[in-house]
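Laboratory data are not the source of any read-out in this text; all were calculated from the coordinates shown. Just so we're clear, the structure is a prediction, and the values are computed from it rather than from any experiment. Glycine also receives a Cβ, built like all others from the backbone with ideal geometry; neighbour counts cover every protein chain displayed.
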Amino acid sequence: MMEFIAEMDLVYKIGISVAFIAILISFAAMIREKDDIHKLIIVDLIELTGLVVVALIATDLAEALILPGLVVGIAEMMAVSELWLAKEGLQRLPTPQRADIEVLHTAPKIIGALLIAYGIFLTGFTGGLIAGLGLALFFLGKNTNEQFLASETASGYAWALWVMGFLIFFLFPSQWFFALMLAAVGIMIKVMAKIALVGTMRGDES
Amino acid sequence: MMEEILVTIPFGDMVHYLSEYTIVLFAFAAIFVILAVISLPEKPVDIAFGTDGYTLKETPANLMKFQRFMAIACGIATMGAVMTGDIFNFTLFAAFIGVLNIGIVAAVKNKHVLSAAFSYGLVVMMGTVPLFSGAAIIVATTGTLSIWELAVSGGVPVIAKLLLLIGVLGEGMAPFYIGKAEITRASGAPYILMIHVSSLLLFLRLVEILLTV
């Protein structure tokens, strides 16, 4: 165990030196850059170098620390980029463009239904992805504005299912199978709703 | 039953650090959250020069609601930052305060204010690097993030303390940038106060942490 830590130490030292060189390079780039949008991109790079230092802890804790760090970083990135858009007066959304291909008027219903059925059969994350693709294809083919409220509501209920599954894991560990099924179905619906939105909300005013 | 549940789910890293000092800071932040909840935005006065006439600038309701929400959230994040007993949580709260400070002024439709907030946003994002690096180096060298344990064992490298200090300097720099919002008389006066409060309390807590560990 001791020699393992000693070895870790050397690796850690090398890693932290490399990380700090990267930090210095990225900050130097930040100083030299004058254009706002390029600054924004470089600042994202700078944040990643911070996460590298966190990752060098190299235990389970590192993962637990990277995730919130990443979330905060992305939140800041989104806030600052929205600010940049407002500052430059670029917040107008592009006009929607929809694919108008003849085969898409008929085929998606069948293929979409098949994909959704297969996704429900799979459950879990993969199932949600496939079912979501099916829904996206269906909406794409229908060439209309759908009510997204329904899929958002379903997403909310799915989240509740997932949390319930999570709680059952902790409170009644003997019921693990039920909890697993709740979580699997929940995440399936959740991913499906998200993917469906990704497929249909491009350029939409909503 | 309830006790059993609380025992089964420990609150993990949600360690609080209660001392007379942090309680005072917490109460201070809490007072300003309450002020943000109950107060109405001021109406900046424009005087027509050479006459007795003046006009009051009304704050639009949606801008007011957004700023109030951001100010309250910023106050709550400040309360978290001054109370937490975990260094990584402290850095997260500090970064969070940075985002919320941007949010307080972001809704103001004034190019000068927006570009000041943009510059501050870049500084906030750069500030997270030394913040997280400091916390990461602390956990890598001492094996813990708890301020309680670090206060007993010590051994925090000076470089980690310096990094934390630089990080909080970046996050707490808001008043220098936000000054522009006040100089240009942008609306939302009681809520912009929260920026100063959060920055001040963040520095005060950091000093306490650096002296303790």
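Using only the alpha-carbon atoms, how far is helix B:61-83 inclined from the longest principal axis of chain B? Give it as 0 to 90 degrees, nearest 10. Roughly 30 degrees, rounded to the nearest 10.
Put a dot 7 Å past the Cα of residue A:34, heading toward its Cβ, do the same for residue B:61, and the two dots end up 4.7 nm apart. Relative to the longest principal axis of the Cα atoms of chain B, the long axis of helix B:111-142 makes an angle of roughly 10 degrees. The label-point distance for residue B:149 and residue B:207, in a model that sets each label 7 Å from Cα toward Cβ, rounds to 2.9 nm. Dipole of chain B (Lys/Arg Cβ +1, Asp/Glu Cβ -1, origin at the Cα centre): which of B:110, B:128, B:170 lies farthest to the positive side? Value: B:110. Going by neighbour counts of Cβ atoms within 10 Å, the residues B:43, B:161, A:34 line up, fewest first, as A:34, B:43, B:161.
Taking every residue in B:134-141, how many Cβ atoms of other protein chains lie within 10 Å of its Cβ, on average? Kindly include the intermediate steps, with their values, before the conclusion.
Values: counts 2, 5, 15, 6, 1, 6, 13, 2.
Counting Cβ atoms of other protein chains within 10 Å of each residue's Cβ and averaging gives 6.
Dividing the Cα radius of gyration of region B:12-66 by 2.2 N^0.38 Å, with N the residue count, gives 1.96. In terms of surrounding Cβ atoms within a 10 Å radius of their Cβ, B:38, A:74, B:87 rank from fewest to most as B:38, A:74, B:87.
Compute the Cα gyration tensor for region A:7-88, then decide on rounded, prolate or oblate, letting a ≥ b ≥ c be the square roots of its eigenvalues: rounded whenever a/c is under 1.5, prolate when a/b is larger than b/c in the other cases, and oblate in all that remain. If you can, show how the numbers build up before the last one.
Details: a/c = 6.78, a/b = 1.65, b/c = 4.12.
Verdict is oblate for region A:7-88.
Cβ crowding within 10 Å ranks A:63, B:20, B:149, A:76 as B:20, A:63, B:149, A:76, fewest other Cβ atoms first.
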